[in-house]
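The next block holds one structure in the form of structure tokens; read it before the comments.
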């Protein structure tokens, strides 16, 4: 039985495959969106338990997706985990301001660590991080 | 009397009493004999003064009988008049008039050349600079043509002496010869070229050495030889006088005649007097030429510079703008002269328009220390702006006093575009690199974790090796990203009070695994020290880099980290027992892409960016970084951070 439903918004096919594989092998149901617009649509059409969101995305950038998701009643409270390689401080600050549960740098964390983080977040062991 | 504006002003008087000098200048409207000479440009002779109304009281009382007033002419322009009075009854003859006219004109030339020389001398100080140079030498050049003047002097003297040819020989200090120079009166080019003599030879040498005028009624053999060499075959008698300026003899002026015994002793004295005027012109001409050369050099230098040059005086008013400056700004130099850069070019930096009270120009005028503004926006004539690099340096006069500043600026629009493109390229490339590296690292991790099924120990080892390599690749990409950020000034840091000793403790703990693997002792004793003001993340980067390097470059022994309080700073030392760095290496150690290259370091990977980044970060936080090292014995890296 699937543990929970994740929406992965990520434009890089290789990384999508890798994370999808890891998430699925750990028992998650995974929905994929390859650009910002698709991400927003899938998030609102069928709200997941958690959104894993990249920042640099085609069509609509991650911050805009985040803002739109937050403006919808159905996804107002959906936890959003940032998983990106964009490490400018103002972006980090902006995401936390919007209520991101965490901000992970893809190059710094292993898929194992991402899954562990998601698991903790969904179990409620970790709440949104305040910075 | 000199002519100035619409007045004749008395300059010198002899034998007329002192009162005459205190009389007011004569305005043009008043007329009189002097003004008559000015207007007619011809000598005025009055042989019976009793019939004439004399304006000057002093002169009227002098009871003079006759008067001659000759205009002083330079290139058909009257510069003044000379009047000669006779008390006794005497009629001025035509030859008197001619002689006085020659003297007056010579005097005029001499006066003008002295004035020019004085003007030049006065401004000589300024000449090392470019300022008024232009105007001065141009005005002198139009006012006064030295070559023409000299020729006219030589010609009139020759004619006055009833000679046929006149030539000037100047002493050449290089080959110690007296050589004829142009212009010469009635000599061919080749004659001028070939007329030369030693300073102990013939009449020329004699006059030069003795410093007094001499006359040859008949040629002596030595003189004849000199003249024959120059193919001056028809010379039978010679007048020669030294050209003296102050006590220095510059050369000898000759007048030749084709008749024997053409000159009389009486002529010799007058010739001597007239020659001294030629000397003044010659020496001024030298000075002028020298200055002119300097000016041309400066001018060509300025014109050839591709960068804009604007010079301002002590009052901050613009006195010069070169061609490139005109092209960059669209201003003509005439539009800027006498104005400040603030009201015209409106240089503006990040903080806003530069102001008179607090501008680099003002500072440099005070301190003399050059300043460079890496980016200033400059306003063009049409109101548009362009980004420029702007350097300001003081100019000094002969006494080392600051007399102005020179600003050199160049349009950096293109450079900036290229720089932005380059940075974007690096940034995109490195960002793009991060993604596949993340993929490789992620998959390796998943395989190692057994997500894809079990792996045997050997495979595991290989995969761990691969993980290490991938990590290095990722570090390299990070370094490149950091360089880009630092260069664009995009690296952010927030200095806060922080406990450096605790941070060091944490990092030592982190790096102890690495040290253990290499069997290197990592020594640190946490001291009690005041807090520093620094960005914790950046400081962490610095410590990891320095301690990590120390471990990397040490084969055996230890790495010791210590902190100490020094004045207003905390100094951190990282001492290793590693390879050490040569003196040359130390000098380049903190530059970009530099790596110590020895047989031993070849095995050690790195980008050569770490220490450069570290240095940039330390300096950004108002600290310093340096190294002490002995090859083969080890190195100590130290950096300081300001205390709270």
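All of the numbers you see were taken from the coordinates with simple rules; none came from a lab. Keep in mind it's a predicted model, so treat the numbers as computed, not measured. Cβ atoms come from the backbone with ideal geometry, glycine included; neighbour counts cover every protein chain shown.
Between residue B:619 and residue B:198, the simple label model (points 7 Å from Cα in the Cβ direction) yields a spacing of 6.6 nm.
Calculated [222 nm] ellipticity per residue, helices only, for the protein assembly as shown: -14000 deg cm²/dmol; basis is -39500 (n - 2.57) per DSSP H run with n ≥ 4, divided by all residues, nearest 500.
On full extension, the segment bounded by residue B:513 and residue B:531 gains 3.7 nm, given 0.36 nm per residue less the C-alpha separation.
In this structure, residue B:582 and residue B:451 have a Cβ-Cβ separation that, at R0 = 41 Å, corresponds to a calculated FRET efficiency of about 0.25. Each of the peptides B:473-479, B:370-376 was scored by the mean count of other Cβ atoms within 10 Å over its residues; in descending order, highest first, they stand as B:473-479, B:370-376. Taking only Cα atoms and a 10 Å spring cutoff, compute GNM fluctuations for chain A and point out the largest among A:50, A:98, A:83. Looking only at A:50, A:98, A:83, the largest GNM fluctuation is found for A:98. Of the residues B:343, B:316, the one with the fewest other Cβ atoms within 10 Å heads the list, and the complete ranking is B:343, B:316. Provide the FRET efficiency to the nearest 0.05 for the residue A:71-residue B:505 pair, computing r from the beta carbons and using R0 = 41 Å. E(calc), rounded to 0.05, equals 0.35. The angle between the Cα long axis of helix B:146-160 and the longest principal axis of the Cα atoms of chain B comes to about 20 degrees, rounded to the nearest 10. Helix B:536-552 axis versus longest C-alpha principal axis of chain B: approximately 80°, rounded to the nearest ten.
When B:626, B:612 are sorted by how many other C-beta atoms sit within 10 angstrom of their C-beta, beginning with the fewest, the order is B:626, B:612. For the pair residue B:21 and residue B:299, a Förster radius of 30 Å applied to the C-beta separation gives a FRET efficiency near 0.10, rounded to the nearest 0.05. Taking every residue in A:11-17 and counting other chain Cβ atoms within 10 Å of its Cβ, the average works out to 3. Counting only other chain Cβ atoms within 10 Å of each residue's Cβ, the peptide A:105-115 averages 6. Ordering B:635-641, B:525-531 by mean Cβ neighbour count within 10 Å, with the highest value first, yields B:635-641, B:525-531.
Look at A:56, B:403 and count the other Cβ atoms within 10 Å of each Cβ; fewest to most, that gives A:56, B:403. For residue B:52 and residue B:565, the difference between the fully extended length at 0.36 nm per residue and the C-alpha to C-alpha distance is 174.7 nm. On C-alpha positions alone, give me the angle between the axis of helix B:457-487 and the longest principal axis of chain B, in degrees, nearest 10. That works out to roughly 30 degrees. Counting, for every residue in B:430-438, the Cβ atoms of other protein chains within 10 Å of its Cβ and taking the mean gives 5.
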